[in-house]
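Remarks on the structure that follows.
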Amino acid sequence: MPDYIPPPRTSGFTETTTSPLYWCAYGPPAAQRLLVLHGGPGAHHDYLLPQMLHLAKRYNVIFYDQRGGGKSKSDEREHITWKTHVMDLHAIIREFAIPAPSIVAYSFGGMLAVLYALEARKHDSMKSPSRLALLDCAPLRMEYRKSFEAEFLKRQNGMHIRQLREELAASGLRESDPSEYKQRTFELAVAPYFADPAKAKNLTPFRVTGRVQTSVWESLGSDYDLIKDLKPMGFPVMFIHGRDDPIPTASSIEGSKAMEGELVLLDDCGHVPYVEQPGQLFGALDRFLAATDPK
């Protein structure tokens, strides 16, 4: 089971976004602010916890639930797109008066950070990031998304995970211990993301709002390609990617080359490095953040 998640130092809802978004903060209030973006789309921040609170030892870390997920509810009729998420991020940066946001972003959050950086390059009203750390970034090109979907399905239907699914169905847990059965069901659902499916038990459970996930991906288009728009942007960038991630490493390799960023590939690691290889992840991330901290 996942470890205990401590309550945030402070929390609330945004006042300047078109719909209130839940946010919370951990770490020393006087420290430099670090904005952490969760994945999805349609998910919520707390599945990054407690492991990502490692960053709160040194930084004032701000999380928020992206629109349509977690505590950031939205009207079911609202059509949420990638542009919606970018404008929400812009509003949060402005509301918190962050002059040059320092962003650590995971999975779809990584793609959101890249989209934000691309839009900030076009609009003077948007604050350009001071640095980006992208952890197992979502596929930056449609061909890589298709490869991810095929690999995930292959793993999901593989002999090992199929056997675990059959064992759970025969265990009687559904009747004898419904909460444990629910936990095990979640672990099997996310197991294909992991190099070692057994480590899925350490991931905090989460839910994805399907309509949000669908609308955001559709808004990118059927043949999207962010890599062609990438180039050095005048701030440090690091891509960190598990070698065993079902998302092809080629996506982060190409992205880092285009942005002239640093690339770190993690051994024995799938899509969830903060659970699978926290030592490797935070060793690289701490070094990057220390090297790029404002002097």
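The values are calculated or read from the model by the stated rules, or taken from the named source; none is laboratory data. Computed from a predicted structure; not experimentally measured. Neighbour counts run over all protein chains shown; Cβ positions are idealised from the backbone, glycine included. Please note that ligands, DNA and RNA were not included when accessible areas were found on the heavy atoms of the full protein model with its side chains. Shrake-Rupley method; radii C 1.70, N 1.55, O 1.52, S 1.80 Å.
How much of the pair distance distribution for the range 144-295 lies past 18 Å, counting alpha-carbon pairs only, in percent?
Tail of the P(r) past 18 Å holds 68 percent of the pairs.
Treating the angle as unsigned and between 0 and 90°, give the value, to the nearest 10°, between the Cα long axis of helix 142-156 and the longest Cα principal axis of the chain.
30
How charged is the neighbourhood of Gly234? Take every other residue with its Cβ under 14 Å from the Cβ of Gly234, and add Lys/Arg as +1 and Asp/Glu as -1.
+3
Leaving out ligands, DNA and RNA, and with a 1.4 Å probe, what % of the accessible surface on the range 82-122 is carbon or sulfur?
58
Determine which aspartates and glutamates satisfy two conditions relative to Lys122: a Cα distance under 16 Å, and not lying fewer than 8 residues away in the same chain.
Within the straight-line limit of under 16 Å, Lys122 reaches these aspartates and glutamates: Asp229.
Under unit Cβ charges (Lys, Arg +1; Asp, Glu -1), what dipole magnitude, rounded to 20 debye, does the range 39-158 have relative to its Cα centre?
Working: 17 positive and 13 negative charges, 59 e Å.
Dipole about the Cα centre, nearest 20: 280 debye.
How far is helix 278-292 tilted, in degrees, relative to the longest principal axis of the Cα atoms in the chain, given as a value from 0 to 90 rounded to the nearest 10?
0
Pick from Tyr47, Tyr181, Tyr64: which residue has the top mean-square fluctuation in a GNM of the chain where Cα pairs under 10 Å get a spring?
Highest fluctuation among the options: Tyr181.
So with the 1.4 Å probe, I'd like the accessible area per residue for the chain, rounded to whole Å². Walk me through the numbers on the way to the answer.
On the way: 13250 Å² over 295 residues.
Value for the chain: 45 Å² per residue.
Using the Karplus equation 6.51 cos²θ - 1.76 cosθ + 1.60 (θ = phi - 60°), what ³J(HN,Hα) coupling, rounded to whole Hz, does each residue of the range 66-71 give in order, writing x for Gly and Pro?
Taking θ as phi minus 60°, the curve returns 5, 3, x, x, x, 8 Hz for the range 66-71.
Under 5 Å between amide H atoms, partner at least 5 residues away or on a different chain: which partners does Arg9 have, H built in plane at 1.01 Å?
Here the answer is Ala25, Tyr26, Gly27, since their amide H atoms fall under 5 Å of that of Arg9.
Give me the three principal axis extents of the range 1-103 from the C-alpha atoms, as integers in angstrom, largest value leading.
Rounded to whole Å, the extents work out to 39, 38, 20 Å.
Dipole magnitude of the chain about its Cα centre, charges +1 at Lys/Arg Cβ and -1 at Asp/Glu Cβ only, in debye to the nearest 20?
Value, rounded to 20: 520 debye.
Can you list, largest first and rounded to whole Å, the semi-axes you get for the range 18-164 by taking the square root of 5 times each eigenvalue of its Cα gyration tensor?
Values: eigenvalues 149, 72, 51 Å².
Ellipsoid half-lengths, sorted descending, are 27, 19, 16 Å.
Looking at this model, which pairs from Lys154/Lys182; Lys57/Lys146; Lys127/Lys201; Lys71/Lys146; Lys57/Lys201 are more than 32 angstrom apart at the alpha-carbon? Mind dumping the intermediate values first?
Working: Lys154/Lys182 23 Å; Lys57/Lys146 38 Å; Lys127/Lys201 38 Å; Lys71/Lys146 30 Å; Lys57/Lys201 25 Å.
Over 32 Å apart, Cα to Cα: Lys57/Lys146; Lys127/Lys201.
Using only Cα atoms, find the angle between the long axis of helix 249-259 and the longest principal axis of the chain, and express it within 0 to 90 degrees, rounded to the nearest 10.
That works out to roughly 0 degrees.
Taking amide hydrogens as modeled 1.01 Å from N in the peptide plane, which residues meet the under 5 Å criterion relative to Ser102, leaving out close sequence neighbours?
Leu35, Ser130
Ordering Met142, Met52 by how much accessible area each has at a 1.4 Å probe, largest first, what is the list?
Met142, Met52
Students often forget the sequence filter, so: which lysines lie under 18 Å Cα-Cα from Lys257 once same-chain residues fewer than 8 apart are removed?
Those lysines meeting the cut-off are Lys228, Lys231.
At 222 nm, what helix-only mean residue ellipticity would the chain give, in deg cm²/dmol to the nearest 500, using -39500 (n - 2.57) for each DSSP H run of four or more?
Rounded to the nearest 500, the figure is -11500 deg cm²/dmol.
Between Phe13 and Ala100, what's the calculated FRET efficiency when r is the beta-carbon distance and R0 is 30 Å? Round to 0.05.
Plugging the Cβ-Cβ distance into 1/(1 + (r/R0)^6) gives 0.75.
Relative to the Cα centre, what is the charge dipole magnitude of the range 142-217, using +1 at the beta carbon of each Lys and Arg, -1 at the beta carbon of each Asp and Glu, and rounding to the nearest 20 debye?
It comes to approximately 240 debye.
Just round it to a whole percent: the fraction of Cα-Cα distances in the range 131-180 exceeding 19 Å.
55
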